[in-house]
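Data first, discussion second: the structure below is written as structure tokens.
The values are calculated or read from the model by the stated rules, or taken from the named source; none is laboratory data. Remember, it's a predicted structure, so these values are computed and weren't measured experimentally. Glycine gets a Cβ as well: all are built from the backbone with ideal geometry, and neighbour counts include every protein chain shown.
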């Protein structure tokens, strides 16, 4: 009899562990179902809320929706933000479920991924509003340059837009902790190189071209010949020699 009890002891221990695990498994499944339903509701709420705020108009004018469509996606920026919120809620439900099961390593891994989702949402918002602001500045520069008669208004507008977008992309990458100091230093080096090249072009090799374009963009006011003659008479060298002889 004792030998039978010894043989049945591992079976009893196994059944005890299974009995203790089944309630936790049922609770984890219940959490996953509830998280799935909450995630779908959150996605629907975010999508409808952004549509009510006309966020899709901002992304369309900023060019993000066209960029996503050219990349092969079948959703716009609003749908992408809603999907990120959906997966954020799903990840939160998974963390709670695995934590209830006692899987600490899986919970830690999912927690790190969960912390990345809000950063991605904020970076996407930075890109959306930054691209919209860049397009606004480009249109303002284009309108002003055309108003004053500058021929290269389109190039100046694009230059302003690309410069702002480069700065916005750097902010988004820095918020995502991608590249870190390497991205910042690379941007500063490229910016310094562009400024130095433009300075050399205007100061040395392209001074004649720069002077011609500056004269074409902002023509100097023509002086009256009588004023020029009066100035020359005031600074006549012969009057200066007479004053020295006295």
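Data for the structure
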{"item": "Verdict on residue 110 being within 20 Å of residue 176 (Cβ to Cβ), assigned to a helix (DSSP H, G or I) and without any contact (Cβ under 8 Å) to a residue 40 or more places away in the chain", "result": "yes"}
{"item": "Residue in the range 63-70 that is on the phi < 0 side of the Ramachandran plot, surrounded by fewer than 17 Cβ atoms within 10 Å (Cβ to Cβ) and in contact (Cβ under 8 Å) with a residue 60 or more places away in the chain present", "result": "no"}
{"item": "The range 152-198 - residue that is surrounded by 12 or more Cβ atoms within 10 Å (Cβ to Cβ) and part of a loop (DSSP other than H, G, I, E, B) and, of those, modelled with the lowest pLDDT", "result": "179"}
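Residues checked against (1) under 16 Å from the mean Cα position of the chain (by Cα); (2) touching a residue at least 12 places away in the same chain (Cβ under 8 Å); (3) not in a helix (DSSP H, G or I):
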residue: 58; (1), (2), (3): yes, yes, no
residue: 81; (1), (2), (3): yes, yes, no
residue: 85; (1), (2), (3): no, yes, no
residue: 91; (1), (2), (3): no, yes, no
residue: 94; (1), (2), (3): no, yes, no
residue: 105; (1), (2), (3): no, no, no
residue: 120; (1), (2), (3): yes, yes, no
residue: 132; (1), (2), (3): yes, yes, no
residue: 145; (1), (2), (3): no, yes, no
